[in-house]
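Computed from the coordinates by the stated procedures, all read-outs in this text should not be read as laboratory data. Everything numeric in this text was worked out from a predicted model, so none of it was measured. Every residue, glycine as well, gets a Cβ built from its backbone with ideal geometry; the counts of neighbours run over all protein chains shown.
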Amino acid sequence: MLADSEVHRALVVTAHPDDVDFGAGATMASWRQQGIEVTYCIVTDGDAGGFDPTVPRAQIPSIRRAEQTAAAAACGVTDVRFLGYRDGELTVSHDLRRDISRVSRQVRPQRVVIQSPERNWERIYSSHPDHLAAGEAAIQAVYPDARNPFAHPTLLQDEGLEDWAVPEVWVMAAKDPNHFVDVTDFFDAKIAALRAHESQTGHMDDLVERIEGWLTINAKAAGFNQGRLAEAFMVVSTA
């Protein structure tokens, strides 16, 4: 596994606004503190989300883009890119693979964070169909697409984006994580990011307790000392 000191740029690909903040927000804050440049690539605008029926549905995409931008800022991230796909309709299409490959070639990250493309029957809520599709499209963009100069030829021919091989992938919400990040010192940043998603978390009176509970379970699984908090990943070499 790459040491954080070897990573200068990281790319996070998720299906919806707020996915990165629930899954890895504190880790992103820790990376930014270390000077790693972090880019978020959000595949949909979350237009099927929200809990307030009085908000016109046409306003939801702009609301959720603004919320994600504010949430990213709470973790020190300023580069947020939206692909604009429809929430709830995501498939592993050639277009989606190309669009993620484009961002990968633009950012040229040493580390890519994705959602798990494998359904977790023990935690079904982590396996939203859009999450599975975004995860599968992202890993296909990492390998083989973005590193293959002959894949998606318009990226090179029309946009001048040369191939890029990502050496490492971190998978969020994996059933069998193999790496845990102690994020105790970045818990407040994670909560601030999640609260920025007012349309999604405004009704959660137990948000802090819920997130603290999840991170405590992760820390226990990692063997960390009592009172520590952790985010969990499956780290895969794609060199």
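The table that follows gives values for the structure above.
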{"read-out": "Karplus 3J(HN,Hα) series, Hz, for region 208-215 with 6.51 cos²θ - 1.76 cosθ + 1.60 (x for Gly, Pro)", "value": "4, 5, 5, 5, 4, x, 4, 6"}
{"read-out": "Sequence of Trp170, Trp121 once ranked by neighbouring C-beta atoms within 10 Å, starting from the fewest", "value": "Trp121, Trp170"}
{"read-out": "Per-residue Cβ neighbour rank within 10 angstrom, fewest leading, Val235, Val183", "value": "Val235, Val183"}
{"read-out": "For the chain, calculated [θ]222 nm from helices alone, where every DSSP H run of n ≥ 4 adds -39500 (n - 2.57)", "value": "-11500 deg cm²/dmol"}
{"read-out": "GNM flexibility winner over the chain from Ser30, Ser116, Ser93 (Cα, springs under 10 Å)", "value": "Ser93"}
{"read-out": "Surface/4 estimate of mean projected area, convex hull on alpha-carbon atoms of region 111-239, nm²", "value": "9.9 nm²"}
{"read-out": "Extension gain (nm, one decimal) between Lys220 and Arg108, 0.36 nm per residue minus Cα-Cα", "value": "36.9 nm"}
{"read-out": "Vicinal HN-Hα couplings computed from phi for region 148-153 (Karplus, 6.51 cos²θ - 1.76 cosθ + 1.60; Hz; Gly/Pro x)", "value": "9, x, 9, 8, 6, x"}
{"read-out": "Cα-based shape type of region 1-140, given that a ≥ b ≥ c are square roots of the gyration tensor eigenvalues and the cut on a/c is 1.5", "value": "prolate"}
{"read-out": "Fluctuation leader among Pro149, Pro56, Pro177 - the chain, Gaussian network, Cα springs under 10 angstrom", "value": "Pro56"}
{"read-out": "Pair-distance profile P(r), taking every C-alpha pair of the chain, with 10 angstrom steps and integer %", "value": "8, 33, 39, 17, 3, 0"}
{"read-out": "Computed E for Phe150/Glu209 - FRET, C-beta separation, R0 45 angstrom, nearest 0.05", "value": "0.30"}
{"read-out": "Under-5 Å amide H pairs with Leu11, H placed in peptide plane, nonlocal only", "value": "Thr39, Arg111, Val112, Val113"}
{"read-out": "For peptides 223-234, 187-198, sequence by mean Cβ density within 10 Å, most packed first", "value": "187-198, 223-234"}
{"read-out": "Region 167-178 - phi-based ³J(HN,Hα) in whole Hz, Karplus 6.51/-1.76/1.60, Gly and Pro as x", "value": "x, 8, 10, 10, 9, 7, 6, 6, 5, 10, x, 10"}
{"read-out": "Charge sum, other residues only, whose C-beta stays under 12 Å from Leu229's C-beta, Lys/Arg counted +1 and Asp/Glu -1", "value": "-2"}
{"read-out": "Whether region 1-54 is rounded, prolate or oblate, judged on the alpha carbon gyration tensor where a/c under 1.5 counts as rounded", "value": "prolate"}
{"read-out": "Contour excess over end-to-end distance, with Cα ends at Asp176 and Glu37 and 0.36 nm allotted per residue", "value": "47.3 nm"}
{"read-out": "Choice from Asp52, Asp185, Asp99 showing the highest fluctuation, given a GNM over the chain with Cα pairs closer than 10 Å", "value": "Asp52"}
{"read-out": "Fewest-first sequence of Tyr125, Tyr40 by Cβ atoms within 10 Å of each Cβ", "value": "Tyr125, Tyr40"}
